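**Student:** Below are the structure tokens for one structure; questions will follow.
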Amino acid sequence: MATVTLDTLRKEFDSGRLVAVDDVSLEVGDGELVTVVGPSGCGKSTTLRMIAGLEQPTSGQVRIGGEDVTDVHARRRDVAMVFQNYALYPHKTVRQNMAFGLRMSTNLGKDERNEKVDETAAMMGIGDLLDDEPGELSGGQKQRVALGRAIVREPDVFLFDEPLSNLDAKLRTSMRTEIQRLQEQLGITAIYVTHDQEEAMTMGDRLAIMNDGVLQQTGTPTDVYAAPNSEFVGGFVGSPSMNILDVTVEETGDGTMLTNGDRFTYTLGGDRGRHVTGADVTSARLGIRPENVRVTDERDGIETSVEVVEPVGSDNYLYLDLGPEFIARVDSGIEPATGEEIRVTFDENDVHLFDAGTGDALLAEGEEPPIVTA
Ligand code: ATP
């Protein structure tokens, strides 16, 4: 296996009018699984295709195992790619499909190739499908064959391009677990592209979140969820999405006072050493996750009324009149009536604050005291 390094990797289309991948730098460790996630059109597939050698970068470098492969032909890179549409040869049997890549990429004899295919097919639970053609298989079985075909070659790097999108929800969940198990068992270095943040959160050792061709943030799912570096990342990761409200920011003797129109004020005491970065912040966007909004009896809670109660099994989603789609995710035992006036609150540690213009995160941990403006 090997590390993969992207060094200011760039891809322009239409003579530079469209920047699909904007100077992305990323290091994927040996045996690591990194999920590249972002909305449609953000440049995920183009990035993956440049790693595979299927797309020539405009500038920047791709290194695999430390070796610069930017100008190396796809066939000469030790990389296997698994696609959403399986890309199996329709008139070859499963065995022939799996053996084909081996024939292309190794000097193994026919018996050795068959032995390897048998071993991998057994590991993937598709041993009894070896004589079938793809047309006779279900979607899940086809994807298993596509995975098996990649694994049997024992490449340095695996690239997955939305491999589970064509499967139903249940199968997708079980295949996710299976890919993770194989990836860990075989110590595979893997890059997994998906537009589904939930898939990315459950699968990757680390996430690389892209938007508009730009790599926004990398980190473990826990880190990215807890400390998004921008409003985009905060809103993209987590479901339902983070609630966002416009606030004005004012430093007072008690801390940082956030005011949302005439609806509420909330003071960040700053006792954890959190401080607002940027001396001239007067307005910002407050982010609070639905699961961090609590219904409270406390008199200083924020007054609001319940617009809709949506039961989702163990929880209820309360749509509150604090914003266009402001949701509190509460225990299913909490069932206010539609139109009922309630109070809600949230912990200061759960508050996110973003720059109203750039979207950058404004709350930092540290020793610095809150900035006091005159
Ligand atoms: P999706 O999830 O929809 O596949 P993505 O994040 O993988 O999206 P890309 O397929 O990498 O996005 O596309 C990034 C941008 O580059 C898009 O605006 C797309 O239209 C553009 N693009 C991709 N390939 C080409 C091409 N061959 N010629 C021109 N533009 C392209």
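The values are calculated or read from the model by the stated rules, or taken from the named source; none is laboratory data. Remember, it's a predicted structure, so these values are computed and weren't measured experimentally. Positions of Cβ are backbone-derived with ideal geometry, glycine not excepted, and every protein chain shown enters the neighbour counts. For the accessible areas, the whole protein counts, side chains as well, though only heavy atoms, and no ligand, DNA or RNA atoms are used. Shrake-Rupley method; radii C 1.70, N 1.55, O 1.52, S 1.80 Å.
**Student:** Any idea how far the Cα center of region 50-79 sits from the one of region 98-148, in Å?
**Tutor:** Spelled out, the Cα-based centre of one part sits 26 Å from the other.
**Student:** Report the one residue of PRO90, ALA121, ALA337 whose Cα lies farthest in the direction of the positive end of the charge dipole of the chain (charges on C-beta: Lys and Arg +1, Asp and Glu -1; origin at the Cα centre).
**Tutor:** After comparing all options, I get PRO90.
**Student:** Counting pairs of alpha carbon atoms under 8 Å apart in space and at least six apart in sequence, what relative contact order in percent does the chain give?
**Tutor:** Details: 779 pairs, mean separation 58.7, N = 374.
In percent, rounded to a whole number, it is 16.
**Student:** For VAL82, enumerate residues with amide H under 5 Å from its amide H, sequence gap 5+ or separate chain, H modeled in the peptide plane.
**Tutor:** Under 5 Å from the amide H of VAL82: LEU159, PHE160, ASP161.
**Student:** Tell me the angle of helix 139-152 to the major Cα principal axis of the chain, expressed in degrees between 0 and 90 and rounded to the nearest ten.
**Tutor:** Between helix and principal axis, roughly 70 degrees.
**Student:** Continuing with this model, one more query. Roughly what % antiparallel, to the nearest 5, for the DSSP beta bridges in region 4-229? Please list the in-between numbers first.
**Tutor:** Values: 19 of 38 bridges.
Taking every DSSP beta bridge with both residues in region 4-229, the antiparallel ones total about 50 percent.
**Student:** Next question. Excluding residues fewer than 8 places away in the same chain, name every one of the lysines whose C-alpha is closer than 27 Å to that of LYS44.
**Tutor:** LYS11, LYS142, LYS170
**Student:** With viscosity set to 0.692 mPa s at 37 °C, what whole-number translational diffusion coefficient in µm²/s follows for the chain from Stokes-Einstein and a Kirkwood radius over Cα pairs? Numbers along the way, then the final one.
**Tutor:** On the way: Rh = 23.4 Å.
The estimated diffusion coefficient comes to 140 µm²/s.
**Student:** Counting only other residues whose beta carbon sits under 14 Å from that of LEU137, what net charge do I get with K and R as +1, D and E as -1? Spell out each step's value before the answer.
**Tutor:** Values: positive: LYS92, ARG95, LYS142, ARG144, ARG149; negative: ASP128, ASP131, ASP132, GLU133, GLU136.
Here the charged neighbours net out to 0.
**Student:** Next question. To the nearest 500 deg cm²/dmol, what mean residue ellipticity at 222 nm is calculated for the chain from DSSP H runs of n ≥ 4 alone, each contributing -39,500 (n - 2.57), summed and divided by the residues?
**Tutor:** Values: 8 runs with 87 residues, N = 374.
After summing the helix terms and dividing by residue count, I get -7000 deg cm²/dmol.
**Student:** State to the nearest 20 debye the size of the charge dipole of the chain about its Cα centre, where the only charges are +1 on K and R beta carbons and -1 on D and E beta carbons.
**Tutor:** Values: 33 positive and 66 negative charges, 422 e Å.
Using Cβ point charges on Lys, Arg, Asp and Glu, the chain gives about 2020 debye.
**Student:** While we're here: For the chain, which whole percent of the accessible surface, found with a 1.4 angstrom probe, sits on carbon and sulfur atoms? Before the final figure, lay out the partial values.
**Tutor:** Values: 7830 of 17750 Å².
The C+S portion of the solvent-accessible surface of the chain is 44 percent.
**Student:** Using a 1.4 angstrom probe on the protein heavy atoms only, could you order ARG113, ARG103, ARG181 from most to least accessible area? Kindly include the intermediate steps, with their values, before the conclusion.
**Tutor:** Numbers: ARG113 40, ARG103 130, ARG181 110 Å².
My answer, sorted largest first, is ARG103, ARG181, ARG113.
**Student:** Set Lys and Arg Cβ to +1 and Asp and Glu Cβ to -1, take the dipole of the chain about its Cα centre, and tell me which of PRO324, GLN197, SER45 lies farthest positive.
**Tutor:** About the Cα centre, the residue reaching furthest to the positive side is SER45.
**Student:** With every protein chain present, what is the per residue accessible area of region 64-144 (1.4 Å probe, Å²)?
**Tutor:** Values: 4690 Å² over 81 residues.
For region 64-144, the solvent-accessible area averages 58 Å² per residue.
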